[in-house]
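The values are calculated or read from the model by the stated rules, or taken from the named source; none is laboratory data. Just so you know, these numbers come straight off a predicted model, no measurement behind them. Cβ placement follows ideal geometry from the backbone for every residue including glycine, while neighbour counts extend to all protein chains displayed.
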Amino acid sequence: MPDQYFYDYEWDEEYCYPNSNVLKNKLNIIDSEQLNNAEREITAMKILYFKKNPIAGKFDFNHLKEIHRAIFSDIFIWAGKPRNVNIAKGNMFCLLQYLDSFASSIFEKLKSENYLLEIPRENVPKRLAYYLSEINVLHPFREGNGRTQRLMIEYLAGINGFSVDYSHVSRHNMIEASAYAFAQKYDKINQMFNDITKRISLEEQEEYIRCFFGDESPQLKLFCSIEKNNFNTCEEETEEMDFEMKME
């Protein structure tokens with residue numbers, strides 16, 4: 001789902017070609033449609049690759065920057081760097097002077113929730129929706145925010161045992177849900193995530209946790225502890241059922 005609706009901004013000489021809204025780029029393309037097409041093709045291949053080969057990080061602002069850099073480094077020299085101008089798409093995104101502090105508040109909150117690993121699984125889609133909404137309000141890059149934040153949320157979903165399939169969401173519905181969430185009305189985006197998330201195997205989840213946190217991490221130990229408890233509970237329930245059947 002590419003970012004296909006336009007930012008509301010005045011032309012700026014740092015990012016745009018003279019007398020144009022076309023962003024300066026490594027491809028030296030000065031036509032907006034040609035740049036959009038090239039950008040879409042390049043980033044689609046990059047994102048597909050990084051879905052299979054996750055970009056390492058700790059789900060913080062630096063991680064978000066690294067994801068952006070990895071996706072857009074072949075197109076923009078400022079890939080991975082926060083913007084130096086204010087931008088809006090209907091609503092004004094986080095003001096330039098508050099980018100670092102707002103980013104810190106988002107990712108510190110996520111860390112305080114232990115990256116959602118300790119909440120009931122049925123609540124995970126709703127929290128994924130919340131963090132996508134908050135990172136969208138942050139909008140720290142001059143271009144490519146949507147693709148960057150959606151990939152990070154896919155990674156966050158993975159460590160919590162879920163996949164996210166954005167292909168089932170229309171451009172209109174994503175924009176609408178994001179706009180409502182911007183106003184702290186989360187019903188639409190919560191429903192969207194309930195519809196587009198599904199459970200992955202425990203083996204896949206464990207692989208994600210190892211990838212992002214390491215083999216000796218507290219997060220992996222927590223995962224193994226929870227699954228061991230679930231296994232023991234399942235065994236006990238099975239034994240009780242067998243006993244009841246024998247009694248009958």
Is there a residue in region 128-139 that is closer than 17 Å to Phe182 by Cα and in contact with a Ser or Thr (Cβ under 6 Å, 6 or more places away or on another chain)? yes
Can you tell me which residue is surrounded by the most Cβ atoms within 10 Å (Cβ to Cβ) among those in region 46-96 that are under 16 Å from Arg147 (Cα atoms) and touching a strand residue (DSSP E or B) at 6+ places or on another chain (Cβ under 8 Å)? Phe76
Considering each of Asn21, Asn25 in turn, give the residue that is surrounded by 14 or more Cβ atoms within 10 Å (Cβ to Cβ), in contact (Cβ under 8 Å) with a residue 24 or more places away in the chain and more than 30 Å from Cys211 (Cβ to Cβ). Asn25
Tell me yes or no: at least one residue of region 49-59 is over 22 Å from Pro82 (Cα atoms) and at pLDDT below 95. no
Checking Lys111, Lys81 in turn, the sole residue that is closer than 28 Å to Phe162 by Cβ and of a type in the set (D, E, K, R) turns out to be Lys111
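Residue-by-condition table, conditions (1) more than 26 Å from Ala44 (Cβ to Cβ); (2) assigned by TED's automatic domain parsing to the domain that holds Lys65; (3) touching a residue at least 24 places away in the same chain (Cβ under 8 Å):
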position	(1), (2), (3)
Leu151	no, yes, yes
Glu154	no, yes, yes
Ile159	no, yes, yes
Arg171	no, yes, yes
Tyr180	yes, yes, no
Asp195	no, yes, yes
Leu220	yes, no, no
Phe223	yes, no, yes
